[in-house]
1. Looking only at the stretch 21-52, which residues are near the ligand (Cβ under 10 Å from one of its atoms) and either closer than 15 Å to Thr82 by Cα or of a type in the set (Asp, Glu) (or both)?
2. Between residues in the stretch 100-125 that are more than 13 Å from the ligand (Cβ to nearest atom) and residues that are small (Gly, Ala, Ser), which pairs lie under 7 Å by C-beta distance while being six or more apart or on different chains?
3. Just for the stretch 47-74: of the residues that are among the polar types (S, T, N, Q) and closer than 28 Å to Ala197 by Cβ, which one is surrounded by the fewest Cβ atoms within 10 Å (Cβ to Cβ)?
4. Tell me the residue from Asp220, Asp210 that is modelled with pLDDT under 95 and under 17 Å from Ile163 (Cα atoms), please.
5. Take the residues in the stretch 344-362 that are farther than 24 Å from Met233 by Cβ and at pLDDT 50 or above; name whichever of them is surrounded by the fewest Cβ atoms within 10 Å (Cβ to Cβ).
6. So, in the stretch 63-82, of the ones that are out of contact with any Leu (no Cβ under 9 Å at 6 or more places or on another chain) and within 23 Å of Phe8 (Cα to Cα), which residue ends up nearest to the ligand (Cβ to nearest atom)?
7. Could you identify the single residue in Pro94, Pro85, Pro57 that is in contact with a Leu (Cβ under 7 Å, 6 or more places away or on another chain) and either free of Cβ contacts under 8 Å to residues at least 24 places away in the same chain or within 9 Å of the ligand (Cβ to nearest atom) (or both)?
Amino acid sequence: MTLRDPDFSAAERGAMQSAVSLAGRGVRGANPLVGAVVLDERGTAIGSGYHRGAGTPHAEVDALAKALTQRADLTGCTLICTLEPCNHAGRTGPCTEAIAAAGITRVVYAADDVHGPAAGGAGWLTAHGVETVGGLMADESHQLNHRWREATSSRRPFITLKIAQTLDGKVAAVDGSSQWITGPESRNDGHSIRRRADAVLVGTGTVLADNPRLSARNPDGTVTTRQPLRVAMGLRTVPDDAAIRAGHFVHLTTRDPWEAGRHLYDDGVGHLMIEGGPTIATAFLAAGLVDELFIYQAPLLLGAGTPAIQSLGIDSLRDASSWVLDPYGGATITRYGNDVRLHLSPAPTAPAATRASQSSLRTITSSKGSSTCSQE
Ligand SMILES: Nc1nc(O)c(N)c(N[C@@H]2O[C@H](COP(=O)(O)O)[C@@H](O)[C@H]2O)n1
């Protein structure tokens, strides 16, 4: 649908402000942050909601459910939402059909959806008699989801990097010991990210050094029902008895983060969590592919040891990789036991990621056999 610049009522503008701040209460990942508010004929909010992460109800459906507890028929009501209502059955059903079924008369949304399969909701609603206009606070909605939009437009997963380090930025001591730098509270929180990710990735060096399981576990140590795909990336062989093979596992025999991201996205991975080590973390950072960064800072000093990040090819402070504390999609600064977690996003002014080099054709192998990943 072509966006126009219609007049919006004061109630609609106020409700969109609320929807934007509600959106920030969600979590970042495969899906964008989205908020929604239902207004009645007088412009009074009778229901509001937000999206709580992939697989949970979309913001519009959450807000409709609340409004439908107030009255059975929403004819005459307006739905305000920060993203164009989705028009597809993904992990949940189409918002468009839920909106029409509830009787909503008018929809005001902020930004178009850039995810092809889900887009087109505005056109569908208009064709089904629901007055639908977009563009109200589109900039704010874009800012909320600028990395998700970039990832989705590039057909790669939204990427979360987790680093657990000492005060002086080390992830292992000189003798290689690294378990545990952070405490159990931090590690439990790390599992909450694994639980919502579609895949968890480490380098083959980490597989050989630490033999991680990469399973998502509850605080009591039991494994959760939904498990992420476990991914080893790199050219070294993954031993037959490696713990990572215990679940749904894939070995990406490449060192190119873009190639890995594209392959995983095509296999349905919308949210990728990277757990290291330093070579992999550095490769994704250098490629500009980290959308969200969690740093767990333990109150330890090592002086010497393995740095969390290797050279990024930056020689001057003015070229430093710049990050901002993220006030949306989870707490900005949180204490976990004796540790502190920082939640960061790339500074919005950072240059867009560019593909550094074209990679050659490589073979992608998995525990279920091997397949060829063709070059773009
Ligand atoms: N309009 C809208 N509201 C939300 O609350 C959303 N989370 C989305 N997400 C869009 O739908 C896609 C995911 O759909 P499923 O959750 O898998 O059903 C996502 O890629 C966005 O395009 N949209």
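1. Ala23, Gly26, Asn31, Pro32, Leu33, Val34, Gly35, Ala36, Gly49, Tyr50, His51, Arg52
2. Going by the 7 Å Cβ cut-off, the qualifying pairs are Thr105/Gly76.
3. Step one: of the stretch 47-74, the residues among the polar types (S, T, N, Q) are 48, 56, 69-70.
Subsequent filtering for residues that are closer than 28 Å to Ala197 by Cβ retains 48, 56.
Values: Ser48: 20, Thr56: 17.
Residue satisfying both the conditions and the ranking: Thr56.
4. Values: Asp220 fails: under 17 Å from Ile163 (Cα atoms).
On inspection, the qualifying residue turns out to be Asp210.
5. The initial filter retains those residues of the stretch 344-362 that are farther than 24 Å from Met233 by Cβ, namely 347-349, 351.
Imposing the further condition that a residue be at pLDDT 50 or above reduces the set to 347-349.
Values: Ala347: 11, Pro348: 11, Thr349: 7.
Applying the filter and picking the extreme gives Thr349.
6. Our first condition is that a residue be out of contact with any Leu (no Cβ under 9 Å at 6 or more places or on another chain); within the stretch 63-82, this holds for 65-66, 69-73, 75-76, 81.
Now drop any that are not within 23 Å of Phe8 (Cα to Cα), which leaves 75-76, 81.
On the way: Thr75: 21, Gly76: 22, Cys81: 6 Å.
This residue is Cys81.
7. Working: Pro94 fails: in contact with a Leu (Cβ under 7 Å, 6 or more places away or on another chain); Pro57 fails: in contact with a Leu (Cβ under 7 Å, 6 or more places away or on another chain).
Selected residue: Pro85, the only one of Pro94, Pro85, Pro57 that is in contact with a Leu (Cβ under 7 Å, 6 or more places away or on another chain) and either free of Cβ contacts under 8 Å to residues at least 24 places away in the same chain or within 9 Å of the ligand (Cβ to nearest atom) (or both).
Yes or no, residue by residue, for (1) in a strand (DSSP E or B); (2) in contact (Cβ under 8 Å) with a residue 12 or more places away in the chain; (3) small (Gly, Ala, Ser); (4) buried (at least 24 other Cβ atoms within 10 Å of the Cβ):
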site	(1), (2), (3), (4)
Val200	yes, yes, no, yes
Val207	no, yes, no, yes
Arg213	no, yes, no, no
Gln227	no, yes, no, no
Arg230	yes, yes, no, yes
Leu235	no, yes, no, no
Val238	no, yes, no, no
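The values are calculated or read from the model by the stated rules, or taken from the named source; none is laboratory data. Model, not experiment: these values are computed from the prediction. Please note: Cβ atoms are built from the backbone with ideal geometry, for glycine as well, and neighbour counts cover all protein chains shown.
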